[in-house]
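The values are calculated or read from the model by the stated rules, or taken from the named source; none is laboratory data. For clarity, every value in this text was computed on a predicted model and none was experimentally measured. Cβ coordinates were reconstructed from backbone atoms using ideal geometry, including for glycine residues, and neighbour counts include every protein chain displayed. The accessibility values were calculated without ligands, DNA or RNA, using every heavy atom of the protein model including side chains. Shrake-Rupley method; radii C 1.70, N 1.55, O 1.52, S 1.80 Å.
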Amino acid sequence: MPSKVLLDGVHLDTLLHRLAWQLIEKHKDFSNTILIGLQPRGVELLERLIRRIQLQKDLPNLTFGKLDTTFFRDDFRRSEKIHAASASEMNVNIEGKSVVLIDDVLYTGRSIRAALTAVDSYGRPKNIELLVLIDRRFSRHLPIQPDYVGAQIDVLQGDKVRVKWEPETQKSIVYLETENA
Amino acid sequence: MKALSVDHLLGIKQLTEADIQLIFETADHFKEVINRPIKKVPSLRDITIANLFFENSTRTKLSFELAEKRLSADILNFSAAQSSVKKGETLVDTVNNILAMKVDIVVMRHPNPGAAQFLSQRVNACIINAGDGTHEHPTQALLDAYSLREKMGDLKGKKIAIVGDIRHSRVALSNIFALKLLGAEVKLCAPKSLLPKYSTSLGVGVETQLMKALKWCDAANMLRVQNERMEVGYFPSTREYALQYGLTLDKLNQLRKDIIILHPGPINRGVEITTEVADSEHAIILDQVENGVAIRMAIIYLLASKLNTNIK
């Protein structure tokens, strides 16, 4: 499939830097905050954000989890594709805490809805925020909006926006996968 | 993602190694789910499952029920003792009547070997065999192998002994198929009268002395003597069987090595296994029960994902 680079590594690096600072600004020492990366692709972003935040501040209380939402999806038996589950690692108590859900691309909002239901199985958080690297505007199926956004991108329905992570963020890219070029 | 190669779970015989690995991977995820504060996922909320038990069961029935509820399916329970089967209704009629109530999946235990296969060819629903006579009990074999894998890692090359009433055991046959598929070596150990005639054709070893089998194996699956399926006496007395084939702490200590002890339940304490062994750290009997729910959730989830849907 043809692809086009939308954001290069340098740009991506700046976005990560800004998102990390936005989190620090809002959540201070993170003692009442739990960052949750959504499997599979949100976890990459989560890990990079944690590294950024740790670089800026020494935070022994920074807790995080990895959440898989496969069994909460609303398209089970409705889509041709069978979704493979990934492991959930939620060794955290979210009761009464501020939860930040972290994912790479926000598109229809359906996987975030699944994540909201899935998070519920672990307790009742004080509040839930959403952080995404890429917000695909004008494509939502549900009334879901992010609280922290890396970049907003407008692309055609059916096209896919992908993030390709490399060990060094400077070499990572955000690219477009298009069906009909 | 990969899907199962089958549309029903009739026996392990119809499965491939890839199927078993897929079931295990999925069960890993469900095991995490059932350890959450809220142990339920909404995947199967538009699926109805009938549990048809034409034979008594405690563990399997409860385990299936719990697995189905954890997946948010609607369930119907049916046991032959309180049904029209007693009035002479045939199996196909009974099941078709139940299916007319829009049931998607049938979990069935039946005293006749082949009952699940028979049903799968005649009714329009996904069939899961929860034990058919002395033939197969696939979910038990899968949870046994899964529990072993949890304790000892990859089963390739591992030595597993199956001890006891092999002749009348569906657990034994399903276990043999599953363990062989996963690359384990299997040895059966029983008095000759309780070994099936053609057991060696399954590619397994046979041993009539318990101590020899125990010394050889890394894990032993102790089966129950199924008195309810015996029309004639297969051994002189229960006491003699217990002396020859019962697993005691004394016998375990003589081995000078640690082996894992499984038991599919229900246990006849003091016959095939003593209380001290059943409650020792060698035994993973309660792990088997916990894993049973995760394995059954995985099987139901994977089969349900293949169901034709009229939702679109």
Name the residue farthest towards the positive end of the dipole of the protein assembly as shown from the options A:SER31, A:PHE76, B:HIS137, assuming +1 on Cβ of Lys and Arg, -1 on Cβ of Asp and Glu, about the Cα centre. B:HIS137
Dividing the mean separation of Cα pairs under 8 Å (6+ apart) by the residue count of the stretch B:1-160 yields a relative contact order in percent of 24 percent
How tilted is helix B:17-33 with respect to the longest principal axis of chain B? Cα atoms for both, answer in degrees (0 to 90, nearest 10). 80 degrees
Do the alpha carbons of any pairs in A:LYS81/B:LYS69; A:LYS28/A:LYS97; A:LYS81/B:LYS306 sit beyond 18 Å of each other, and which pairs? A:LYS81/B:LYS69
For a quick check of your reading of the filter: which trypsin sites (Lys or Arg not before Pro) in the stretch B:45-151 sit in a DSSP loop and have no more than 16 other Cβ atoms within 10 Å? B:ARG45, B:LYS102, B:ARG122
In Hz, Karplus ³J(HN,Hα) per residue of the stretch B:244-254 (6.51, -1.76, 1.60; θ = phi - 60°; x = Gly, Pro): 7, 10, x, 8, 10, 5, 4, 5, 4, 5, 5
Principal axis dimensions, chain B - Cα atoms, whole angstrom, descending: 63, 44, 36
With every protein chain in place, the residues of the stretch A:39-71 shedding 40 Å² or more of accessible area versus the chain by itself (probe 1.4 Å) are A:PHE71
Contact order relative to length of chain B, as percent, for alpha carbon pairs under 8 angstrom and 6 or more apart: 20 percent
Which of these, B:ILE20, B:ILE295, B:ILE176, has the largest mean-square fluctuation under a Gaussian network model of chain B (Cα springs below 10 Å)? B:ILE20
Would you pull out the residues with amide H under 5 Å of B:ILE260's amide H, same chain only if 5 or more places away, H placed 1.01 Å from N? B:ALA219, B:ALA220
Fraction of antiparallel bridges per DSSP, chain A only, in percent to nearest 5: 30 percent
Distance from the Cα centre of the stretch B:243-312 to that of the stretch A:103-181, in angstrom? 43 Å
Helix B:59-70: inclination vs chain B longest Cα principal axis, degrees, rounded to 10, gives 40 degrees
For the stretch B:1-32, which trypsin sites (Lys or Arg not before Pro) are in a loop by DSSP, counting at most 13 other Cβ atoms within 10 Å? B:LYS2
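Select from the stretch A:45-117 those trypsin sites (Lys or Arg not before Pro) which occupy a DSSP coil region and have at most 14 other Cβ atoms within 10 Å, ordered by residue number.
Of the trypsin sites (Lys or Arg not before Pro), the ones in loops of the stretch A:45-117 whose Cβ has at most 14 other Cβ atoms within 10 Å are A:LYS57, A:ARG78, A:LYS81.
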